[in-house]
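Everything below concerns the one structure shown next.
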Amino acid sequence: MATANEGHPSPFGPLQVELARMRKSNLTAAIDDVDKIIYLLTNAREQIASDDDAHKIGMTMTTLQNPVKACMESITDDLKNVTKTQRGFAKILDRALPLRELPMEADAMADHPTLINRAIAMHLLREGQFDVASTFLKEAKDDPLEPDVDRDGDDDMQREEFDTMIAAQHESLQEKFSEMYSVLSELKNKNLGPAIGWARLHNTELEEKGSNLEFELSKLQFVWLFKGHEVNGLPDDQYNGQAGALKYARQHFAPFQARHLREIQQLCCAMVYASNLQSSPYRQIFEIESAFEDVAASFTREFCSLLGLSAESPLYIAVTAGSIALPRLIKYTTYMKEKKTEWTTENELAFETPLPESMIYHPIFVCPVSKEQTTATNPAVMLPCGHVLCKESLQNIAKGTRYKCPYCPTEGQLKDAVKITL
């Protein structure tokens, strides 16, 4: 596969930067400011209702004026920031994806409206937009998209199956994702209880998947209690601070000893250094600046995994990957048409698609012997000595059923080679 041309900057950088800003810039701050105004007005109304003194009522109204004005100005600034971010993203997107007809012969998804509808509905449910998902499903059922070409006549049946399937799954999935967002809301407020309770309830399924979520949550709870009043604001008593952390460890760490004994020992030994924890060997364990965000991501991943879903929305991945890859594809295909040449190799591009690691799901292996990329018919195989090459290369160097590794003196039989799934 050809490598990307270093002379052409990748669209990945600007798009990813603006996308990160888009995800951070939302209406949360504006909503918080609106809540503050409501709180101020509610308090003022209660004070006025309980006091007949005109002078005090006037003072209450006067005192209210500046805070409300400040909150209104904050709301304006918040909305300006959101609008500015959206405009910036739109400009970068327009620059990367200029408005022109794509050099494609056909839209591959045009014949599959039911699949598109399902992907959109699932994305809305995963994002917690339950009302929007319900409205979308209703409108998709009442006014379905018609495929451009009805090749097999199965579209009506597919649509009925889609309606039946989504209707049956919608309520169940909404209930489950409501539970997920409820737990995530508590984690945002530094309350680990609901997440730990969920992990204990699904302990068997999580252990079967090799997950350490329950221990990671319990470990963070220990650290949260250990650091005490300075981080959680609770009084130092038998339930908080070092005493509370030790009590919690005695009550809840026993089931984790088989797999996490060393980590438990480190947590308990850290108590000796409590007075000067920052200079201790355990300092990194107790740095929890991003710990709640990390466990929230782990919880989301494990929750979706038990539902048989990926942690990220497939629709989000597809749209993001497409917006990154399409500019280069458009440029390449336009260039090839101008030169009156076509790339004819099936299922392969003539250039590298610069996707981030999080969007690369199928690693590429190039055989060190033949210098060719492995395929489904020519997979990578590992020899007993640990060296890896493609199946055809192994067959080519074999004499009958035996071979000699091209990289070490080891000899073996073809049946000993193990196929590797990338």
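The values are calculated or read from the model by the stated rules, or taken from the named source; none is laboratory data. Nothing here was measured: the structure is a model prediction, and the numbers come from that model. Cβ placement follows ideal geometry from the backbone for every residue including glycine, while neighbour counts extend to all protein chains displayed. Please note that ligands, DNA and RNA were not included when accessible areas were found on the heavy atoms of the full protein model with its side chains. Shrake-Rupley method; radii C 1.70, N 1.55, O 1.52, S 1.80 Å.
So that you can scan it fast, the table gives a plain yes or no per residue for (1) part of a helix (DSSP H, G or I); (2) touching a residue at least 24 places away in the same chain (Cβ under 8 Å); (3) out of contact with any strand residue (DSSP E or B) (no Cβ under 9 Å at 6 or more places or on another chain); (4) under 14 Å from LEU220 (Cα atoms):
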position: ALA296; (1), (2), (3), (4): yes, yes, yes, yes
position: PHE303; (1), (2), (3), (4): yes, yes, yes, no
position: SER310; (1), (2), (3), (4): no, no, yes, no
position: TYR316; (1), (2), (3), (4): yes, yes, yes, no
position: VAL319; (1), (2), (3), (4): yes, no, yes, no
position: SER323; (1), (2), (3), (4): yes, yes, yes, no
position: LEU326; (1), (2), (3), (4): yes, yes, yes, no
position: THR334; (1), (2), (3), (4): yes, yes, yes, no
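Taking MET180 and the conditions (1) open to solvent by 30 Å² or more (accessible area, probe 1.4 Å); (2) under 21 Å from GLY128 (Cα atoms); (3) not small (Gly, Ala, Ser), which numbered condition does it fall short on, given that it satisfies the others?
Here MET180 meets the rest and fails (1).
Look through GLN266, GLN278, GLN242 and report the one residue that is open to solvent by less than 60 Å² (accessible area, probe 1.4 Å), polar (S, T, N, Q) and assigned to a helix (DSSP H, G or I).
Numbers: GLN278 fails: open to solvent by less than 60 Å² (accessible area, probe 1.4 Å); GLN242 fails: open to solvent by less than 60 Å² (accessible area, probe 1.4 Å).
Being open to solvent by less than 60 Å² (accessible area, probe 1.4 Å), polar (S, T, N, Q) and assigned to a helix (DSSP H, G or I) holds for just one of GLN266, GLN278, GLN242, which is GLN266.
So, in the range 401-422, of the ones that are charged (D, E, K, R) and more than 15 Å from VAL366 (Cα to Cα), which residue ends up least open to solvent (accessible area, probe 1.4 Å)?
Within the range 401-422, the subset charged (D, E, K, R) is 402, 404, 411, 415-416, 419.
If we keep only those that are more than 15 Å from VAL366 (Cα to Cα) too, we end up with 402, 404, 411, 415-416.
Values: ARG402: 106, LYS404: 108, GLU411: 116, LYS415: 156, ASP416: 64 Å².
Among those residues, the one meeting the criterion is ASP416.
Quick one: which of LEU187, LEU261 is under 22 Å from the mean Cα position of the chain (by Cα), assigned by the TED database to the domain that holds VAL295 and either surrounded by fewer than 17 Cβ atoms within 10 Å (Cβ to Cβ) or at pLDDT 90 or above (or both)?
Working: LEU261 fails: under 22 Å from the mean Cα position of the chain (by Cα).
Answer to the selection: LEU187.
How many residues does the range 72-88 contain that are open to solvent by less than 40 Å² (accessible area, probe 1.4 Å) and more than 11 Å from ALA29 (Cβ to Cβ)?
Filtering the range 72-88 for residues open to solvent by less than 40 Å² (accessible area, probe 1.4 Å) gives 75, 78, 82, 85, 88.
From what's left, more than 11 Å from ALA29 (Cβ to Cβ): 85, 88.
The total comes to 2.
Residues being free of Cβ contacts under 8 Å to residues at least 24 places away in the same chain and among the basic types (Lys, Arg): count how many of those fall in the range 193-240.
Looking only at that region, the number is 1.
Please indicate, with yes or no, whether at least one residue in the range 331-346 is under 30 Å from SER393 (Cα atoms), at pLDDT below 80 and surrounded by 16 or more Cβ atoms within 10 Å (Cβ to Cβ).
No, the range 331-346 contains no residue that is under 30 Å from SER393 (Cα atoms), at pLDDT below 80 and surrounded by 16 or more Cβ atoms within 10 Å (Cβ to Cβ).
Is one or more of the residues making up the range 148-159 at pLDDT 75 or above, not in a loop (DSSP other than H, G, I, E, B) and not aromatic (Phe, Trp, Tyr)? Spell out the reasoning first.
Going residue by residue through the range 148-159, those that are at pLDDT 75 or above are none.
Within the range 148-159, not a single residue is at pLDDT 75 or above, not in a loop (DSSP other than H, G, I, E, B) and not aromatic (Phe, Trp, Tyr).
Give the residue, chosen from GLN169, GLN174, that is at pLDDT below 80, polar (S, T, N, Q) and in a helix (DSSP H, G or I). Give the derivation first.
Working: GLN174 fails: at pLDDT below 80.
Answer to the selection: GLN169.
Among the strands (runs of 3 or more DSSP E) lying completely within the range 361-422, list those that include at least 3 residues that are within 30 Å of SER310 (Cβ to Cβ), aliphatic (A, V, I, L, M) and under 41 Å from the mean Cα position of the chain (by Cα).
Details: elements: 380-382, 388-390, 402-404, 411-413.
Here the list reads 380-382.
Take the residues of the range 351-400 that are of a type in the set (Gly, Ala, Ser) and in contact with a helix residue (DSSP H, G or I) (Cβ under 7 Å, 6 or more places away or on another chain): which is most open to solvent (accessible area, probe 1.4 Å)?
It comes out as SER370.
Can ASP35 be described as more than 28 Å from GLN16 (Cα to Cα), open to solvent by 80 Å² or more (accessible area, probe 1.4 Å) and modelled with pLDDT of 85 or more?
For ASP35, the condition - more than 28 Å from GLN16 (Cα to Cα), open to solvent by 80 Å² or more (accessible area, probe 1.4 Å) and modelled with pLDDT of 85 or more - is met.
Is it the case that some residue within the range 284-302 is polar (S, T, N, Q), out of contact with any His (no Cβ under 8 Å at 6 or more places or on another chain) and surrounded by 17 or more Cβ atoms within 10 Å (Cβ to Cβ)? It would help to see each step written out before you state the result.
Our first condition is that a residue be polar (S, T, N, Q); within the range 284-302, this holds for 284, 290, 298, 300.
When the remaining residues are screened for being out of contact with any His (no Cβ under 8 Å at 6 or more places or on another chain), the result is 284, 290, 298, 300.
Narrowing the set further to residues that are surrounded by 17 or more Cβ atoms within 10 Å (Cβ to Cβ) leaves 298, 300.
Within the range 284-302 (the criterion being polar (S, T, N, Q), out of contact with any His (no Cβ under 8 Å at 6 or more places or on another chain) and surrounded by 17 or more Cβ atoms within 10 Å (Cβ to Cβ)), the answer is yes, since at least one residue qualifies.
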